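One structure is given here, and the rest of the page talks about it.
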Amino acid sequence: MRILGIDHGNRRIGVAVSDPLGISASPLIILEHIARNVDAQRVVRLAEEHDCSLILIGLPLDSDGSVGARARSVNRFIDEVRRQTSLQVVAWDESNSTLMTIQASIDRGEKRIKRSQPMDDQAAAIILQDYLDTLSLGSSGA
C-alpha cells in the first residue's frame with residue numbers, strides 16, 4: 001500500500017511517498033503554492049501517478065495540541081483534497097517535523113548553507129515515516 005505524505009506550508013508543499021510495502025518514506029518533490037484548489041488537484045494527481053491508496057497530510061497543531069490558525073488553514077486544504085478524490089485522506093499531527101528535519105540534516109553532516117534550502121519534501125518524508133512507524137507498531141502488537 002503506497003501512501004503520499006504532505007507537508008503543507010504557506011509558500012511550499014512538501015511531498016513524500018512510501019515504498020509499495022508501506023515501510024519507508026522518501027522525499028518526492030516540493031510544489032510551490034498556487035491556490036488551494038490547484039494545490040489539491042496537483043496532490044491528487046501525484047497520488048494517482050504513484051498509485052497511492054491514501055494521502056496523509058501533516059496537521060500543524062499548536063504546542064498545546066490545539067487547532068490554531070495554521071492548522072485551520074491546513075484543514076481547509078484537507079477538505080479541498082477530499083472534495084477532489086475518492087482516496088482516503090488522513091490528517092496526522094506533524095508536531096516538531098521541521099525541527100526533526102533540521103536535526104536529520106545536521107546528523108548527516110550537511111553544512112548550514114544546505115540547511116537553508118527548502119526541505120519541505122524531507123519534512124513530508126518525516127511526517128509520513130512517523131505514520132508508517134506507528135502503523136508498523138500497531139500491527140506488530142507492540
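Just a few scattered comments:
- Sub-8 Å Cβ pairs linking a first residue in segment 68-86 that is more than 17 Å from Arg12 (Cα to Cα) to a second residue that is among the polar types (S, T, N, Q) and assigned to a helix (DSSP H, G or I), at least 6 apart or interchain, are Gln84/Asn37; Gln84/Gln41, ordered by first then second residue.
- Pairs meeting the criteria (first residue in segment 31-57 and within 21 Å of Ser73 (Cα to Cα), second residue of a type in the set (D, E, K, R) and part of a strand (DSSP E or B), beta carbons under 8 Å, at least 6 apart or on different chains) are Leu31/Arg12; Glu32/Arg12; His33/Arg12.
- 1 or more residues crowded, with 16+ Cβ neighbours inside 10 Å and either of a type in the set (Gly, Ala, Ser) or modelled with pLDDT of 85 or more (or both): qualifying helices (runs of 4 or more DSSP H) within segment 64-142: 69-84, 97-107, 120-139
- Across segment 44-63, the qualifying residues are those that are touching a helix residue (DSSP H, G or I) at 6+ places or on another chain (Cβ under 6 Å) and not small (Gly, Ala, Ser), and the one among them that is surrounded by the most Cβ atoms within 10 Å (Cβ to Cβ) is Leu56.
- Count of residues meeting criterion [polar (S, T, N, Q), at pLDDT 95 or above and surrounded by fewer than 15 Cβ atoms within 10 Å (Cβ to Cβ)] in segment 1-31: 1
The values are calculated or read from the model by the stated rules, or taken from the named source; none is laboratory data. Everything numeric in this text was worked out from a predicted model, so none of it was measured. Because the Cβ atoms are built from the backbone with ideal geometry, glycine has one as well, and the counts that use them run over all protein chains shown.
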